[in-house]
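Remarks on the structure that follows.
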Amino acid sequence: MRAKSGVTIAYLSAFCLVLFAGKGLCAQAAPPAQPGGATFQDSSNELSVAVGKTVLVDCVRPTTRVAIGLGDVAQASAISPNEIMVNGKNPGETSLIIWDDRGGRQFFNVTVRASTAAVDNSMEAIRRELATELPGQALKLSSENGVVYLRGTVKDLLSSTRAVQIASTAGKVVNLLNVAVPKSQAQIMLKVRFEAVDRSKLKTLGINMFNLGLGNAVGGISTGEFSPPSISGGSSSSGGVSSGGNAATISNEQNIFAFFPGLKAGATIAALENDGVVETLAEPNIVATDGQEASFLAGGEYPYPTVQGTAAGASVSIQFKEYGVRLNFIPTITPRGTIRLQVAPEVSSLDFSNAIQISGFNVPAITTRKMKTEVELGDGATFVIGGLIDNRETETFEKIPFIGDIPILGKLFQSKSKNRTNTELMVLVTPEIVAPLEAGTKPPEVKFPVKFLPPNSNNPMNQPDAKTAANTPAPAPDTIPVETLIQSMKPEKALVIEGDSGGFGAASSSAPSSGGGGLGLPAPTTGP
């Protein structure tokens, strides 16, 4: 009896365990009805299976219907009235719903995982590719829930990009790589020579004649090219001559002046020949980091007015225009070890011969010769920009009609001016990869022809204190995260100079006009 009782109790215990387990896995009683026909939301259970694997769901109550959301992810089959088999087909998520014979429903969230063997094979293939493409760089891969974690240390950003591209074939990649701190960027010095020659030759010939009473006549003859004397009655002021109650005021005596008191006649003659040569040489040396722009200007800025508004409420803005020797360039070191150079040299000067007048002030024009090109050179090689030649000849001829056509005598009633100019500009550019002087090396100094005044004090100049823990920078780390290196390589904030608009720009200021008066124009500024 005791053995039978023990067996009976064991059967009853096993039956209770199966009953409770069945309720947890499948069958669920129908929810009670609510006022208005509403029902409680059915509860959900989690069901996980790997691709190519099968899981069996046991139900306490016989099932009447089975439905699965995505047939491409998983497949559900009824093996018996109380057993449902779920097969994993492809990684993903879907839903499984089971109805029993009493109207109860049971919901399952089905998660199909990738096959462990397939994941291991894929990761092993990626490890082999990483070892082949990035030899000698310690990289580690791990995968979880379709996400690939990439760890280790690479030598540069290109290696990091390649590692991410290779690992992304297995799914979404989380880049946790460190990269070796790169060396300082190469610096390029550009040696530029501006060589310019400007030749000019000027010939002038003209005559102005005047009469202060010869033959009881007063007057003068002029071709108008050169300023003639001003004739009036009375005595002459300073800078003039008088005779017989008449006077001639001479504002420009040209270079030959003659007056004959006995004849009461005179003349001013312009006969001049001028040869001039101007040579310009500038040798700027500029250093720039690889891929960064640098600029140089040796000259200045000249002001010119701009009138704005109507005549009643006009205002004058003073603009500044640059002139002189200017150079802008961007050097880039190519993988071949050469230097690709974008260079834009420019030489400009003020041209007062083509100036215009505003309220009595001369506003000069500007003569510019500039170019822009892109070349590729070896370290220390030189290229020449030449052929910038400008030849001009200007001839002005004026005469008095009829009288100026008389042979020999007509030469006295003619004036002419001939101006010839010949300019040539040559630019030589030599890029070189350079390095800074080592600490403690004496830098080069300018050789001054005259010594400076002695110092006012015998105290030596204060030198920085010795290196201590407070002023000694921490040593640079060997590796840093990829994100930190990328952030440090972003362009810095542009250097802005007061009165400068984007490099060597033009500054302006406004001032109200002064009615009928002149403009208070500042003098042109000059640079180094």
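The slack between S80 and Q308, meaning 0.36 nm per residue of separation minus the straight C-alpha distance, is 72.5 nm.
What lysines could a cross-link reach from K442, if we take a straight Cα to Cα line under 21 Å and drop same-chain neighbours fewer than 8 places away? Qualifying lysines at Cα under 21 Å: K451, K467.
With a Förster radius of 56 Å applied to the C-beta separation of M489 and S227, the computed FRET efficiency comes to 0.25.
Using the Cβ-Cβ distance between N45 and V147 with R0 set to 30 Å, the FRET efficiency from 1/(1 + (r/R0)^6) comes to roughly 0.75. In the structure shown, the pairs K155/K490; K264/K399; K370/K493; K264/K418; K203/K399 are assessed against 21 Å; a Cα-Cα span above that value is assigned to K264/K399; K370/K493; K264/K418. Using the Cβ of T396 as centre and a radius below 9 Å, the other residues enclosed give a net charge of -1, where K and R count +1 and D and E count -1. By a straight-distance test (C-alpha under 25 Å), which lysines pair with K89 as possible cross-link partners, with residues fewer than eight away in the same chain excluded? Within the straight-line cut-off, K89 pairs with K53, K172. Local charge for A435 was computed over the other residues whose Cβ lies under 15 Å away, with Lys and Arg +1 and Asp and Glu -1, and equals -3. On the basis of the beta-carbon distance and an R0 of 56 Å, N422 and S315 show a calculated FRET efficiency of 0.85. On a per residue basis, the stretch 182-224 carries 54 Å² of accessible surface, using protein heavy atoms and a 1.4 Å probe. Counting charges near R113 (Lys, Arg +1; Asp, Glu -1) among other residues having Cβ under 14 Å from its Cβ returns a value of -2. Ranking A282, M371, S348 by how far each Cα lies toward the positive end of the dipole of the stretch 258-372 (charges on Cβ) leaves M371 at the top. With unit charges on the beta carbons (Lys and Arg positive, Asp and Glu negative) and the dipole taken about the Cα centre of the stretch 88-200, which residue among I97, V179, L190 sits farthest to the positive side? My answer, from the dipole projection, is L190. Based on Cβ point charges of +1 for Lys and Arg and -1 for Asp and Glu, what charge dipole magnitude is obtained for the stretch 268-382 about its Cα centre, in debye rounded to the nearest 20? Once rounded to the nearest 20, the dipole reads 360 debye.
The values are calculated or read from the model by the stated rules, or taken from the named source; none is laboratory data. What you are looking at is a predicted structure, and each value in this text was computed from that prediction instead of being measured. So basically every Cβ, Gly included, is an ideal-geometry build from the backbone, and we count neighbours across all protein chains shown. We work out accessible area using only protein heavy atoms, side chains counted, and drop any ligands, DNA or RNA first. Shrake-Rupley method; radii C 1.70, N 1.55, O 1.52, S 1.80 Å.
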